[in-house]
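Written below as structure tokens is the structure these notes are about.
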Amino acid sequence: MTPPQILISEVGPRDGLQSVQATMPTADKLRWIDALVAAGLREIEVGSFVPARLLPQMADVAEVVRHALTYPGITVMALAPNLRGAEAALAAGVHKVTLPVSASAAHSLANVRKTREAMVEEVRAVARLRDAQAPGSMLVEVGLSTAFGCSLQGEVPEDDVIWLAGLCAEAGADEVGLSDTSGMANPAQVRRLFTRLRAELGAKAGAAHMHNTRGLGLANCLAAYDVGVRTFDASLGGLGGCPYAPGASGNVVTEDLVFMFEAMGITTGVDLKRLMAARAPLQAGLPGEPVYGMTPEAGLPKGWVQR
Ligand code: ZN
């Protein structure tokens, strides 16, 4: 395979599993992550450092991280909603921690019960903690949620998003990405905002985290690619991502995203056949849970060869 030109960051074991009712047994999680690694994914968000009473699905996160750290060359990511979670993530040895910071003032209060400015201070505290305890170790990534619109507040001013991204970078975030948490983005908006983000942050401009709630997930990823974004979050089987529209997936489906880019000649490093095979351990661990994906349903086109 040709060296990958883009990075697909698999968020299913975190974003996916935290959005479903059932709890996937640890052994199944590990088998699923093994299959994701075997498919060639190089960055995987394996869980969330949150109290088990809030999210029992993530009670085993430290064990899952320990397992994931045994793979050579894999960036092991985890989400932490606050300093305490980031402290646990650092102790567990994750390579990269993601802190969710809401671009929408209303979503911030509802989701983390903090103002946006208070969350920026949380980012600063996490970066300081890392620098004090293990400088040069865990990267601190901010995912700016509701960056393209908010189901509570409606429109989120683009100036707010860029202002907040600048504050997070200044507070010590190594990367700041944009998330379409409620699936409201469109390609023109994605182009505008990522262009501004890259102008504002340079190399600290991070991933596109797109949802497919209204069917625009792939179009939005392509729009982000066109303006220079090279890291894309996606979830196997489109698991999770709080879908609002019945029958629509939440997160962009990893299989469809890999198919699109590979078909265009943009290499991902991910073997599509093995990726589709990774659906089996996912479904074994979450029986009855719907999985999405047009490519797995239709199958690969006749004569498909992955370069
Ligand atoms: Zn998501």
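The values are calculated or read from the model by the stated rules, or taken from the named source; none is laboratory data. None of these values were measured; they are calculated from a predicted model. With ideal geometry, Cβ positions are generated from the backbone for all residues, glycine too; neighbour counts draw on all protein chains shown. These accessible areas exclude ligands, DNA and RNA; they are computed on the full protein's heavy atoms, side chains included. Shrake-Rupley method; radii C 1.70, N 1.55, O 1.52, S 1.80 Å.
Please report the net charge: other residues with Cβ closer than 12 Å to the Cβ of Phe49, K and R +1, D and E -1. Don't skip to the end; give the middle numbers.
Details: positive: Arg14, Arg84; negative: Glu45, Asp60, Glu87.
Taking every other residue near Phe49 into account, the sum is -1.
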Given a 1.4 Å probe, the accessible area of the range 7-298 per residue, as a whole number of Å², is 38 Å²
Once amide hydrogens are built 1.01 Å from N within the peptide plane, the residues lying 5 or more places from Ala207 or on another chain with amide H under 5 Å from its amide H are Gly177, Leu178
Karplus ³J(HN,Hα) for the range 290-296 (6.51 cos²θ - 1.76 cosθ + 1.60, θ = phi - 60°; Hz, whole; x = Gly/Pro) runs x, 10, 10, x, 6, 5, x
For the range 203-216, in residue order, the Karplus 3J(HN,Hα) values (coefficients 6.51, -1.76, 1.60; θ = phi - 60°; whole Hz; Gly and Pro = x) are 5, 7, 5, x, 6, 9, 10, 9, 10, 10, 3, 10, x, 9
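Can you list the chymotrypsin sites (Phe, Trp or Tyr not before Pro) in the range 247-307 that are in a DSSP coil and have 14 or fewer other beta carbons within 10 angstrom?
Values: sites: Phe259, Phe261, Tyr292, Trp304; in loops: Tyr292, Trp304.
Here the sparse-neighbourhood loop sites are Trp304.
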The ³J(HN,Hα) series, computed from each phi in the range 229-237 with the Karplus coefficients 6.51, -1.76 and 1.60 at θ = phi - 60°, rounded to the nearest Hz and given as x for glycine or proline, is 5, 10, 10, 10, 7, 7, 10, 4, x
Other residues with Cβ under 13 Å from the Cβ of Arg191 give, with Lys and Arg +1 and Asp and Glu -1, a net charge of +1
Under a 1.4 Å probe, counting only protein heavy atoms, Lys204 has an accessible area in Å², nearest 10, of 70 Å²
GNM of the chain, Cα pairs under 10 angstrom: of His211, His67, His95, the biggest fluctuation goes to His67
One would report the antiparallel percent of DSSP beta bridges in the chain, rounded to the nearest 5, as 5 percent
Checked the range 7-298 with the C-alpha gyration tensor, a ≥ b ≥ c its square-rooted eigenvalues, rounded below a/c of 1.5, otherwise prolate if a/b is larger than b/c and oblate if not; verdict rounded
Ordering Leu152, Leu17 by the accessible surface of their heavy atoms, 1.4 Å probe, largest first, yields Leu152, Leu17
